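Working notes, structure below.
The values are calculated or read from the model by the stated rules, or taken from the named source; none is laboratory data. Quantities reported herein were computed from a predicted structural model and do not represent experimental measurements. For neighbour counting, all protein chains shown are included, and Cβ atoms are generated from backbone atoms with ideal geometry for every residue, glycine included. Ligands, DNA and RNA are stripped out before the accessible areas are found, and what is left, the full protein with its side chains, is counted by its heavy atoms. Shrake-Rupley method; radii C 1.70, N 1.55, O 1.52, S 1.80 Å.
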Amino acid sequence: AAKKEGRRRARTFDPSMLVVLEQRELLRRSLRVALQHGEFFLEYQPLVDRSRTVTGFEALLRWRHPRLGVIPPIAFIPMAEADGLMSEIGQWVLEQACREALSWPDHYTVAVNLSPAEFLTAGFTDRVSQTLDLIGLPAERLELEITETVLLERTTNNLDTLNTLNVLGIQISLDDFGTEYSSLSYLKNFPFDNIKIDKYFVNDLLSDEKSRTIVRSVIALSHGLGMRVTAEGVETGEQAAWLLEEGCDRLQGHFLSPPMHVDDIRQFIAPRKGRRGNGGRGRDATG
Ligand code: C2E
Ligand code: MG
Ligand code: MG
Ligand code: MG
């Protein structure tokens with residue numbers, strides 16, 4: 001029977017699955033050395049305020065694999081988490097983002113995404129404040145983005161961690177709001193400065209009344225609790241206009257710019273009188 005079963009399995013085995021598995025193993029092995037080999041880099045996506053002025057950039061991690069090319073975070077972060085590598089990679093992201101932000105004029109903020117593994121590491125807040133000190137970036141210029149998954153466990157410690165970051169002057173954003181647990185108790189209990197509405201709701205704003213109702217409610221709720229609201233994944237001018245009309249505080253998305261190489265963000269950095277300039281190439285968000 002075993003033989004018969006084996007044959008049946010062999011017959012139905014899809015060889016493309018083998019390729020997928022081999023690729024996963026290849027990725028997993030090369031992920032362990034990617035940090036040492038300097039294969040990670042950050043792209044930056046601008047955020048604009050209500051006057052459509054760029055106020056800062058979100059750092060987004062990419063992996064330049066020597067053979068497979070540039071790999072997006074969704075394809076390797078879960079693996080890095082599972083293999084216990086994300087704490088170390090996250091520390092690299094934080095340092096790199098703070099270092100790169102230091103060369104921007106001093107009113108631009110940088111947002112860094114945190115994975116649960118990093119946030120839950122003992123001594124995480126000390127590490128963040130040491131990193132800021134080491135690099136010389138004021139805490140006010142750093143924004144940390146966490147998702148609700150991060151908050152699922154160890155609730156009292158999470159609150160301590162967030163409070164400590166808050167006292168340091170770091171801004172805290174709740175990312176991807178609306179897609180995970182969206183527990184209102186998080187909004188009541190945790191000191192967020194900012195709620196990021198997931199692109200899932202922004203995407204079909206103009207065609208779906210339900211998305212509009214949800215976005216309107218999240219804006220009202222956040223404002224009522226003293227938090228700012230950012231919409232992510234804004235792809236069109238119409239979506240941007242609607243969101244601003246409804247009181248959204250910040251926008252981010254392809255309508256303004258996709259994530260870009262650090263050298264290309266200069267064009268979004270407006271020159272300020274008597275400060276580091278950019279050769280007059282600055283422009284505002286409306287381009
Ligand atoms: P996120 O933090 O919600 O980042 C926003 C994602 O939406 C980014 O995808 C960005 O490229 C994409 N995006 C921006 N504007 C638009 C738009 O107008 N339309 C559409 N369809 N997409 C848009 P990306 O860079 O692939 O990152 C995916 C996720 O990976 C991030 O979602 C974040 O959760 C995670 N991630 C990225 N970098 C890091 C990191 O350094 N550390 C950790 N822990 N997670 C990261
Ligand atoms: Mg984010
Ligand atoms: Mg997000
Ligand atoms: Mg998202």
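Amide H contacts of Ile195 (H built 1.01 Å from N, in plane; Pro and chain starts excluded): Leu174, Arg228, Val229, Thr230 sit under 5 Å, all sequence-distant by 5 or more or on other chains. Among the lysines of the chain, pairs at least eight places apart or on separate chains and with Cα atoms under 27 Å apart come to 5.
The distance between label points at Asn166 and Glu246 comes to 2.6 nm (points 7 Å beyond Cα on the Cα→Cβ vector).
Note on Ser103/Ile74: beta-carbon distance plugged into 1/(1 + (r/R0)^6) with R0 of 25 Å gives a FRET efficiency of 0.30. Using a probe radius of 1.4 Å on heavy atoms only, what accessible surface per residue do you get for the chain? Whole Å² is fine. Accessible area per residue: 51 Å². Among Ala59, Ala97, Ala34, determine the one that fluctuates most according to a GNM of the chain built with springs between C-alpha atoms less than 10 Å apart. Of Ala59, Ala97, Ala34, the Gaussian network model singles out Ala34 as fluctuating most. Close amide H pairs (under 5 Å, H built 1.01 Å from N) link Glu145 with Val112, Asn113, Leu114, Ser173, residues at least 5 positions away or on another chain. Rounded to the nearest whole Hz, the Karplus-based 3J(HN,Hα) values (6.51 cos²θ - 1.76 cosθ + 1.60, θ = phi - 60°) of region 187-204 follow the sequence 5, 6, 9, 9, x, 7, 8, 7, 10, 9, 6, 5, 5, 4, 8, 7, 3, 10, with x at glycine and proline.
Given R₀ = 30 Å, FRET efficiency for Leu134-Val33 by Cβ-Cβ distance, to 0.05? E between Leu134 and Val33, to the nearest 0.05, is 0.75.
For the chain, a Kirkwood radius taken over Cα pairs fed into Stokes-Einstein (37 °C, viscosity 0.692 mPa s) yields D = 159 µm²/s. Summing charges over neighbours of Arg50, with a neighbour being any other residue whose Cβ is under 9 Å away from its Cβ, gives 0 when K and R count +1 and D and E count -1. For the chain, the fraction of 1.4 Å probe accessible surface lying on carbon and sulfur atoms is 52 percent.
Multiplying the residue separation of Ser16 and Met260 by 0.36 nm and subtracting their alpha-carbon distance yields 84.5 nm.
Amide H to amide H distances under 5 Å link Glu58 with Gln45, Leu47, Ala111, where only residues 5 or more positions off or on other chains count and H is placed in the peptide plane. Working note: Karplus 6.51/-1.76/1.60 with θ = phi - 60° gives region 99-113 the couplings 4, 5, 5, 4, 8, 8, x, 6, 9, 8, 9, 10, 9, 10, 7 Hz, where Gly and Pro are set to x.
With K and R counted +1 and D and E -1, the other residues having a Cβ less than 9 Å from that of Glu148 yield a net charge of -3.
For region 124-200, trypsin sites (Lys or Arg not before Pro) meeting the loop criterion (DSSP other than H, G, I, E, B) and having at most 14 other Cβ atoms within 10 Å: Arg154.
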